[in-house]
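These notes concern the structure reproduced below.
The values are calculated or read from the model by the stated rules, or taken from the named source; none is laboratory data. These figures come from a predicted structure and were not determined experimentally. Here the Cβ is made from the backbone with ideal geometry for all residues, glycine too, and neighbour counts use every protein chain on show.
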Amino acid sequence: MATMSRNPTNAAMMRNLLQIIRQPVLSDTRRNLARSWARVPPHLRVPQQMLGRGGNGCGATIGAMPRCDFACVGCYLGEEANRIPPEPVEAIKAQMRALRPTLGQAGNLQLTDGEVTLRPVEELIELLRYARELELIPMLMTHGDSFRRRPGLLERLVVEGGLVEVSIHIDTTQRGRLGARYRHARREEELTPLRDEFAELIRRAMRATDRPIRAATTMTVTADNLEGVPAVMRWLLRNTDAFRLVSFQPVAQVGRTVSGLGGGVSVEALWAKVAEGIDADGERGERGQMWVGHPGCSRYVPGVVVAERNQAPRFHALRQSGDATDERIVDGFLERFGGISFRRDSGLERLARYLGVLLADPRFVLGNLGPYALHWLRRLDRGGAIRSLGKLLTGRAQTNGFVIVSHHFMSRAEIETALGQERLALCIFHVPLDGRLVPMCEVNALGGRERYYQRMQSRREVPAASL
């Protein structure tokens, strides 16, 4: 009987692996990419454009926990937020289902709106599991202090909820952090011990659960803390085993943000400071920038960090404009396999997807694998490919992938300009509201969140009024 019960599972696993080999990029993913590419205006259809070539953007929940135990000076919640009870679990699940067709398999879902770790842990686990049932990848957005106050919470979400991605918000705009020295920090460097604490917390959780955690960190950027961006970048490059992504978010004048704080940091000013933090051997981040949608909204640089003993870590962008090898191979891969994702794969599924890529276009893969590897070995060490390979094989050099992202949200005044309307039309970050997917800037700056909260409150008041 035991053998018979295992056979269907083994057969299903084999069918799944064969399906991955036959179709490493799903047909519905390709359809979503085509739909996204059709949205991109001709003047933005450039090699740096990833919308419709590499992905379809992301989505977020609303009402999951419309309150927070912090009182940050830059906050996109409205004044009424902390008086609104959270949506029921089933309502958040319905939002996930509404987002699924657009996001597609392995789509990026942010479990957010207020501090979601204030929900009962059992409900969080249920929401995480449901997102994974829909084949979405949920990222839990949090200030992280719940993990500090409640030891074991992160591990429980990983083991019971299947949490793989978490984003921890850390910067000097926050108010309410556990620890007096962090509550009153005015320079980002003062938060280095806190960042160290979170990095170790993530490492411990991975060791305790024996599961990977792709951790990100978010930093709200203002004119006051812009000078701290290089120090944060240098810290991140030393800790890429714990944090794999950083999202810099210049604050917009919306929600509860202190008057006059928003709008003081341009795209160019931010990325100049990012480049200052990662500049090594003359390489700067500008050449590696990619866009998702409008370049005024979302930019990112995926890359590799090389760490050697007694040397500062070095960041290398995955695709550098003007590098013929990068352009030929990376752009060629996107043309053939754009939208591919390994993030939900088990070890066997990942191997099957690699094999599927090889079989789909063996000439491209076999013709470029060697040259691309040689190109990167030379890039990682100016002493040559052989020396670089020797360092990697003996452990004298270690590499980790790392992604630098910037998101630039808009105020009402910005949205009302011609440029703001162009950006809004190409938004890649949506929330399900009133039966449609609404751009996040519309939710933040044009009253979408407030109207939604009012309806939430009204629905809860009706039964009480009828008694």
Looking only at residues that are buried (at least 21 other Cβ atoms within 10 Å of the Cβ), at pLDDT below 95 and among the small types (Gly, Ala, Ser) in the stretch 278-297, which one is nearest to TRP37 (Cα to Cα)?
GLY288
ILE168 is checked against (1) more than 16 Å from ILE213 (Cα to Cα); (2) not in a helix (DSSP H, G or I) and fails just one. What number does that condition carry?
(1)
Six or more apart or on different chains, Cβ under 9 Å: which pairs go from a residue in the stretch 134-160 that's in contact (Cβ under 8 Å) with a residue 24 or more places away in the chain and in a strand (DSSP E or B) to one that's of a type in the set (Asp, Glu) and surrounded by 23 or more Cβ atoms within 10 Å (Cβ to Cβ)? Could you list them?
MET141/ASP113; MET141/GLU115; THR142/GLU115
Looking at the stretch 187-234 only, could you name the residues that are closer than 26 Å to VAL158 by Cβ, part of a loop (DSSP other than H, G, I, E, B) and in contact with a strand residue (DSSP E or B) (Cβ under 9 Å, 6 or more places away or on another chain)?
ILE213
Single residue of the stretch 314-351 satisfying the filter (among the polar types (S, T, N, Q) and touching a residue at least 12 places away in the same chain (Cβ under 8 Å)) that is surrounded by the fewest Cβ atoms within 10 Å (Cβ to Cβ)
SER321
The stretch 88-145, subset among the polar types (S, T, N, Q) and surrounded by 18 or more Cβ atoms within 10 Å (Cβ to Cβ), residue nearest to ALA60 (Cα to Cα)
GLN110
When LEU358 is evaluated against the numbered criteria (1) closer than 28 Å to VAL166 by Cβ; (2) among the hydrophobic types (A, V, I, L, M, F, W, C); (3) at pLDDT 95 or above, which criterion, by number, is the only one it fails?
(1)
Residue pairs within 9 Å by beta carbon, gap of at least six or interchain, first lying in the stretch 67-85 and in a loop (DSSP other than H, G, I, E, B) and surrounded by fewer than 15 Cβ atoms within 10 Å (Cβ to Cβ), second of a type in the set (S, T, N, Q) and at pLDDT 90 or above, listed first then second, are ASP69/SER146; ALA71/GLN174
Suppose we filter the stretch 199-240 for residues that are within 23 Å of VAL306 (Cα to Cα) and β-branched (Val, Ile, Thr); how many remain?
7
So, in the stretch 288-344, of the ones that are small (Gly, Ala, Ser) and not in a loop (DSSP other than H, G, I, E, B), which residue ends up farthest from VAL164 (Cα to Cα)?
ALA324
